[in-house]
Structure formats: C-alpha cells, structure tokens
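Encoded as structure tokens, the structure appears first; notes follow it.
The values are calculated or read from the model by the stated rules, or taken from the named source; none is laboratory data. Everything quoted here is computed from the prediction, not taken from an experiment. For neighbour counting, all protein chains shown are included, and Cβ atoms are generated from backbone atoms with ideal geometry for every residue, glycine included. Protein only, heavy atoms only, side chains kept; ligands, DNA and RNA dropped before computing areas. Shrake-Rupley method; radii C 1.70, N 1.55, O 1.52, S 1.80 Å.
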Amino acid sequence: MQNVSRWYGNVVAVNDITMRLEPGVTGLLGPNGAGKTTVLHMMAGFLNPSKGTVTLDDKPTWRNPEVYRHLGLVNEREAVHGFLTAEEFVVANAKMHKLPDPKAAAARALDLVEMTEAKDRRIGTYSKGMRQRTRVAAALVHNPRVLLLDEPFNGMDPRQRMHMMTLLHSLGERGHTILFSSHILEEVEQVSGTVQVIVAGRLAASGDYREIRRLMTNRPHVFAVQSSDDRRLAVALIAEKSVSGVEIDATGLTVRASDYGSFTRALPRIALGEGIRLRKLLPSDESLESVFSYLLEA
Amino acid sequence: MSEASVIHDIGYQRYTGPRLGRLQVLTAMYVHGLRAAFGFGRSAKAKIFPWMVAGIVLLVAVILAAVRAQAGIVALNYVQFADAMSWLVILFVAIVAPELVSRDMRSGVLPLYFSRPLRAADYVWAKFAALVTGVWLLLGVPQLIMFLGAAFTTKTGMRGVWNEVGDLLPAWAYSVLWAVVFAAIGLLIASLTGKRAFAAGGIVAVFLMTTPVVGVLSILPSTDAQQLSGLASPMTLVAGVGTWLIPASNIGLDLGRFGVVYLIEALALIATCLLLLLARYRKVASL
Amino acid sequence: MPVSLIVTDALTKTYGGRVTALSDLTVTVEPGVIGLVGANGAGKSTFIKIMLGLLAPSSGSVRVFDIDPTVNPDQVRARVGYMPEHDSLPPDVSAAEFVTHLGRISGLPRTAARERASEALRHVGLYEERYRQIGGYSTGMKQRVKLAQALVHDPDLLLLDEPTNGLDPAGRDAMLALIHRIGTEFGISVVVCSHLLGEVERICDSLIAIEGGRLLRADRISEMTAASDVLAVEVSEGTDALAEALTKLGLTVAREDRLLLVPLESDAAYDRILQAVADLELPLHRLDQRRHHVAELFATKETADV
C-alpha cells in the first residue's frame, strides 16, 4: 500500500498509510474502528482507495480480477450455508476459481486445515472453530500467495485458537504472506512478532514489536530484577548513568533504564562486581500490550 | 486545640438493610412500567405520542361535557364514549405496548432482570398491570371529566349526581374491560419482536384485519351469523360484552341471546393471551 | 465449616437429547477470584443459567451458597450479581437511573437503591457521565455500568461474563484492576468467564477449565503456573556466541527463537550464565525461570473435532 487513504464522506477510515507486506505472518493491530477491516478490504480488492495505490506485485488490487488468483480473504462475519458439507463448500469455491481439478485442490486445502475427517458432515453441525477453518480452506483452495484474515480468532475457545495459530504459523513458514487483524493483543503476540499498528486510521508503527519498543528511546525501559542482595544491587545500579530510577519492594527491584543498550551490558558487570547473584531479569513493558498502549498515547 | 485529622473510609460498604419481597419488587416493576407508558423518566420524545393520544381523548371528553352543560344534550354517554375512542385506544396500545415490552427485548436487558429475584411471571404481571392501568386511565379520566361536567351542571341536585355516579361506575368497569382485552392482545403481539415499529404495526394490523371480518359476517343472511359477527374482532367483542352487561348503554349492537357467548369469548381471549405471554417469557428467561 | 461457594456433582445438561452443553461436571469452587475458561458458547451460558436457577440440569446437582437454585432461585439470585457478555443496556436512560431501577428490582427499598446505585457507580469509576443517557457511552463505560448493576445489591458472588469484551488495552487493564480490587478489597467472590488466558492468569487465584462440556481441570492458578526447572536467557545480540560459550562451560543449551534454555540443576547455573554474558559483553535482556502457563492445558491433547 502506498500513501493510501480512504474516506466515506467526512469519515476518514484510513489516513495516508504506506505499508509493505513480506512473506510470513503479520498482525494488523488496532483498536476497534481503527480501520483494520478497511485496510484488508482494500488489499483484497473489494474497496478502492480514495487516494493512493494498493498493489500486489505492482499490480493494483482494485478492479483486477486477476489478482484474486493470488489472494484469499477470510472475512470476520460470513454466512456459510449450513446445509453444505465442508467439502462441497470448498469444492464450490475451487470451481469459482476455475481450477483444473477442484476436488483435488479442495482435498489439499481441507487437509491443510485438518478438516479431512469431518469434511463430509454438514457445516451446520460444526463448532465455531471448524467453521472458521472451513472458510480458511475455501480461501486457500487456489493456493494464493497472500491470505488475509479479519479477526480470525473471534469467539474461539483456547484450543480452537491454538489450532488456528499453529496453522497460520505453518503457512507463514511455507512462504505465504499472511495478514490477520485483531484487537486482542494476547492473540497477536502468540502468533507473530511482526505487526502493523493502526490507530484511528493512521499507521502508527510497523515491524517487530520488541524492536519497536527499543525504538521508543524517550521512554525508559522498565525491568523487574531479583537478586541475592537487592538493596546492595540497587545502590550499585543507581550509581550507573544509564539507570534513571530504582524502586525496591518485597518482590524485588523495579529498574528504569534510560539507555537500553548501556544498561543491559552494565547489569551483568555490576552484579558480578558486587558479588551478587542475579536470579531474575524481566523486561516489564516489552509486551505487545505495553508497546501498543505507548503507541496509542503518541 | 484542633480536631484530629482523619481520612474517612469511603471504601465499599456492605448492605445490611432490608431486602423487600417479591410483591414489592413486582410493584416497583409495575410503577416503572406505568411511568414508562406515559414517557416519564425518559426523554421528551417519549412523552409526545402517549400524551398526544391522551390529549385528544381528553379534548373529546371536555367537548362532550361542555355540550352537555350548555345544551343539555348527551351526545355520547360514558359507555358510548369509550366505544367511540376505540381507535385511539388501539393507537395508544400500539405505541405503549412496544415501549413496555419490545424495548426490553431489543436492548437485551432481560438477562439483567431475570438474574434478579424477579420471576418471568412477575415480569409479565407487572407489565400487564401497567398497561391495563394506563389504558384505563386513558379512558377513565376523560369519563371522570364528563361526569364532573354533568355533576356540576345537573338540575336535579343530589339525585342527579347520584344517577351520574350510577352511570359512571359501570362505564369505568367497561373501560377496565377494554383495558384488559387490549392490553393482553397488545402485549402478546409486542412480545414477539424487539423492533418497536414492527410491534406497533403488528398490533394495528391485527385490529385492522379483524374489522372487515365483522363487516362480512354482519351482512350474511343468517341472523345468528349477524348476531355472532361481533365475535370476530376484539373491538366489537368488547362492545358486545358491554351491551350485554350494561343494557342501558345503548351501544347499538344486536346480540340476540348470544350475549353470554361474548363474555365467554372475551374471558377466553384474555386468558389465552396471558398464558401465551407467560409461556413466552418463561422461555425467554431461560434463553 | 465454611461453606464452599459453588458445588456441582455430576452436573449434566443436554438440549433436545443431541447437544450436550455440560457433561458430568463435578467441581467445588472456593471463595476468591475464579476463572472459568474454555467453555465457549453453550457450556458457559448453560452453567451460568443453571447457577441462577433459570435452567434445570438434566441430571446431577448444583448448590450455590449451599442453596439449590432449582428449588430456591430467588434466594440465590439475591446474593449473586450477573454481568452479561452482550449488550444489555437501554440507550435512552441514564446510568444512575438504570442502576437505581435495577437495585429496586433486586429488592432494595427506594432510598437504599438510590444510594447504593450512586456508590456502585462511583466504585466502578463513573462520575458525571452517570447522568447522561447510556446510548452515548463508550464501550468501556457501558461495561462499567453492567458491572455497577451487578454490584448494586451487594452480592456475595459476581458472575462476570467476558468483562473485558470490546475494551481497548487501557480499558482492559482498568477493568481487570477493578475486578481484582473487588475480589480482594471488597471481599466479594468473583467468577470471571474469559477466553483470554493471560488475563485469567493475571487476576484469578483459581481456575476451572471446561472443554466439550467436561471438566478439563480445576486447580489453583499458582499450581498451574509453577516454575519449572529451566532457565530462560535472552540477549538482544550475540545469541549464538552465548550459546557456544555456555555449552563450553558444560551446560546443556536448547534454543527457542531468541531464547536460550538451560536446565537449572543448581544455583551455580545463574552465576555461570551471568559470567558468560559479562565476558562477552553482551546486552542481557532476560533471565528468568520458565513458568508454566494456563494455555498449556489446551495444547496437550489432540482433538480432531475442535
């Protein structure tokens, strides 16, 4: 996507976004209403950008039926005909793509999502997770390079989610480019470290979220530390230039480091120098959630 | 010497006061419903329709009272007045029943009610009582105004007033009958959908569709059919019961010997609607 | 003997003989903050409805506060506050009025209802907004109103169904902190139904995991997140060099993405790792004993019919 904007009258859904997707799994993150679905639909060619270009291999996705060969989209809400079996549904999709051997392609896709055993039952009897996987199979039947999923984990229970996550992960490893949207950070964290964060229509950050955190140099990194002698360690640390604050309580130390690089190198040295055993060092605000909330405040 | 400083404890307090029983809870629900019927406790928009209808009915009553006071003509007696206002009553029910019942369904508030010591039956009774009260007030207050007009301008003193009371009380009972029948039907239809517009339309439609049936039946050659034709529509049904029970009212329906049939059907209709309502909400409560 | 909060015995519920929502569920829930996970859709709402006495079990029994909800539902409901998952608020009344009204439906006299509604709204963090119509509220505010109405009648047990639904991360934090406060400071037990295991780990002290209607596990969170005897080390650069150095020191090193996993055979392991990192002048990012996660419950079994 290059300088893409999309508006509906006065509502600017997407505001000047430039984004590049590589093979692997990327999480499209943002609060509700941030514009994630709009971005996905523009990538899938369902919506045209009001401004800017959305291209796949340098060919625009809008009004380009050719591009559907390389794209698969799994929408957030989709009515699937309950009376069809999974196999029938996926085969129908294969036929719509004019594949030479729809049954074989469908079988392959269903196998990929681990629905081979259940494929002859009606979709109406499926659990939510199975339905979702059926739709993913339908979106994969033509072996697209790119797979777009809108809130794929919605309403799934933990085991179903794990299955879906493993599936997406393995697809990513095989070289597919996968973009899935979510507003539940916990889910995104487990599937992919690479994120695109959208806030109120604007792209706030891209890349690996841990690296994004390290880019936020204006925020001291916060670490939780436990050692064999917390107080002495605290004294030694506060003498260090890269440390901007140390708090001590029953559970250990909370250290604020204004310079990540210096601190992480200094800590082992200082602990050894003082003869203190370091038992725990844990970054407290590197989670996707913290990164995200910092980005929201920007 | 200064007072010691203190930080007051405004943390969470447990409640050790009385907890009222089902009857009071039902009453609270009833009062809430009655207020909602006339738009109290909500926005100004919610007050427009019910008060508009009430206003028209009141106006008619005032005019009738004035005409009677000035010219001594009883254009409509109390019972005939209620009949004459039938379509306004339907309009009122069509607006208020959805407010009482469809709104709760639409907003998904029912789980909040039924997770409390409020049974499905209590809910139904409270809403029903509220709507019955509302409709009765709609008819009864104007009837009262007509009465007051007549009482203050009567030429026959206490006996005249007493006569009027004798006319008013059965008319009030008649209004109660109207209220009960129409509330039962209206609530039942409204409970089928969460969309207020659909419910209102549905209620009006039911009454609209049954009226021509009466018309058709009443021109059939058989006198029995003609006399029973009123059973086909709730409005004529109620009027029929009124004719039979209050002969002095001159409603103008010929029932032959079928008066009691009207009463039975009316009671059966009310009972059926209420039972269906209770069944519906018992199902909804466990959903 | 202190009364357990909820006790079920072989609780089963089937709908129409085909759909089994709960199957042979036997569990004892002690007061505290309890997470209910895994049961999605049918199982979860069935369990809640049975507890509230809105549904009768097909077989088995359940007791809440040692009361049978199928026999005395009113008694149970008077002591339970329920926060539903879905939208449940009328748009055209104010929060203050709505919560007061529900307080009265819970049996509180009029003044008490008003006062407690006001307090409940304060505790959940709604101030001037409470006099505005609910229709204009954000999702976070609406969730708080739902929580306030569950608190207004001073229940002994709160049933919260997906309380962080639709909330952004800041809202979720606030809600979770509030729930934790309620469970610890206010002294009210809380059952939190959630599909977000991380949340549950954070605020709950025990957990009930249901899967396919059956009990998967019921345990204290501390048992399920116990530390394992593996140390995780992460350096932001030079992972390979460190792995080599540690292996040379005689430690068994396993690699997981950016992490190096070293068995914690003795405390000396800590020192050796630290020495190696310092010698190589590598930036130490993490050093921690690996803990188990609730999520592992769901990763072990293989089910085709998921």
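Structure notes:
- Computed from phi, the 3J(HN,Hα) profile of segment C:22-33 under the Karplus parametrisation 6.51, -1.76, 1.60 (θ = phi - 60°) reads 10, 9, 6, 8, 10, 8, 10, 10, 8, x, x, 10 Hz, with x in place of Gly and Pro.
- Averaging Cα coordinates gives a centre for segment B:94-142 and one for segment B:248-287; these two points are 19 Å apart.
- Placing a label point 7 Å from the Cα of B:I48 along the Cα-to-Cβ direction, the residues of segment B:175-204 with a backbone N closer than 18 Å are B:196-198, B:200-201.
- Between helix C:95-105 and chain C: long-axis angle, C-alpha atoms, 0 to 90°, nearest 10: 60
- Take every pair of alpha-carbon atoms less than 8 Å apart whose residues are at least six positions apart; their mean separation over the length of chain B yields a relative contact order of 21 percent.
- Dipole in debye (nearest 20) - segment C:227-291, about Cα centre, beta carbon charges: Lys, Arg +1; Asp, Glu -1: 140
- Across the cross-link table entries A:K119/B:K283; A:K95/A:K119; B:K127/C:K146; A:K36/A:K98; B:K195/C:K146, which are compared at the Cα atoms, the separations over 26 Å belong to A:K119/B:K283; A:K36/A:K98.
- Only one residue of C:A227, C:V262, C:I273 has its Cα farthest out toward the positive end of the dipole of segment C:227-291, where Lys and Arg carry +1 and Asp and Glu -1 on Cβ, and that residue is C:A227.
- Low-density loop cleavage sites - trypsin sites (Lys or Arg not before Pro) in segment B:1-97, where at most 15 other Cβ are within 10 Å (DSSP): B:R14
- Normalised contact order of segment A:109-178, rounded percent, pairs of Cα under 8 Å and 6 or more residues apart: 35
- Relative contact order for chain A: 19 percent, from Cα pairs under 8 Å spaced at least 6 residues apart, divided by residue count.
- Pairing chain B with chain C buries about 3400 Å² of accessible area. This figure sums both sides and uses a 1.4 Å probe.
- Interface between chains A and C: roughly 3900 Å² of accessible area buried, both sides summed (probe 1.4 Å, protein heavy atoms only).
- Considering only the Cα atoms of chain C, their convex hull presents on average a projected area of 20.8 nm².
- Segment A:1-106: trypsin sites (Lys or Arg not before Pro) in DSSP coil with no more than 12 other Cβ atoms inside 10 Å: A:R20, A:R63, A:R77, A:K98
- Applying both filters, DSSP loop and at most 10 other Cβ atoms within 10 Å, to the trypsin sites (Lys or Arg not before Pro) of segment B:121-226 gives B:K155.
- Here the gap between C:A299 and C:S58, fully extended at 0.36 nm per residue and compared with their Cα-Cα distance, gives a gain of 83.7 nm.
- Using θ = phi - 60° and Karplus 6.51 cos²θ - 1.76 cosθ + 1.60, couplings along segment C:249-258 (whole Hz; Gly, Pro as x): 6, x, 8, 7, 10, 10, 10, 9, 6, 8
- Nearest 10 degrees, 0 to 90: helix C:169-184 Cα axis against chain C principal axis: 70
- Average accessible area per residue (Å²) across the protein assembly as shown - probe 1.4 Å, nucleic acids and ligands excluded: 44
- Over all orientations, chain B has a Cα convex hull whose mean projected area works out to 23.5 square nanometres.
- Shape class for segment C:119-194: oblate, because the ratio a/c of the largest to smallest gyration tensor axis (alpha-carbon atoms, square roots of eigenvalues) is 1.5 or more and b/c is at least a/b.
- For segment B:239-287, heavy-atom accessible area (probe 1.4 Å) falls by no less than 10 Å² from the chain alone to the full protein assembly at B:A285, B:S286, B:L287.
- Extension gain, C:D279 back to C:D9 (0.36 nm per residue minus Cα-Cα distance, nm): 91.2 nm
- In Hz, Karplus ³J(HN,Hα) per residue of segment C:48-53 (6.51, -1.76, 1.60; θ = phi - 60°; x = Gly, Pro): 5, 5, 5, 4, 7, x
- Helix B:234-245 vs. chain B, principal-axis angle (Cα, 0 to 90°, nearest 10): 70
- FRET efficiency, 1/(1 + (r/R0)^6) with R0 56 Å, evaluated for A:H81 and B:L263 via beta carbons: 0.60
- Share of carbon and sulfur in the accessible heavy-atom surface of the protein assembly as shown [1.4 Å probe, %]: 56
- Residues in segment A:46-75 reached by a label modelled at A:S5 [backbone nitrogen below 11 Å; 7 Å Cα→Cβ]: A:50-52
- Chain A: translational diffusion in µm²/s, Stokes-Einstein, Kirkwood Rh over Cα pairs, 20 °C, 1.002 mPa s: 100
- Translational diffusion of the protein assembly as shown, µm² s⁻¹ [Kirkwood Rh, Cα pairs; Stokes-Einstein; 4 °C; 1.567 mPa s]: 40
- Charged neighbours of A:P65, selected by a Cβ distance under 13 Å, balance to +3 (K, R count +1; D, E count -1).
- Extension gain for C:S138 to C:A227 (0.36 nm times residue separation, less C-alpha to C-alpha distance): 28.1 nm.
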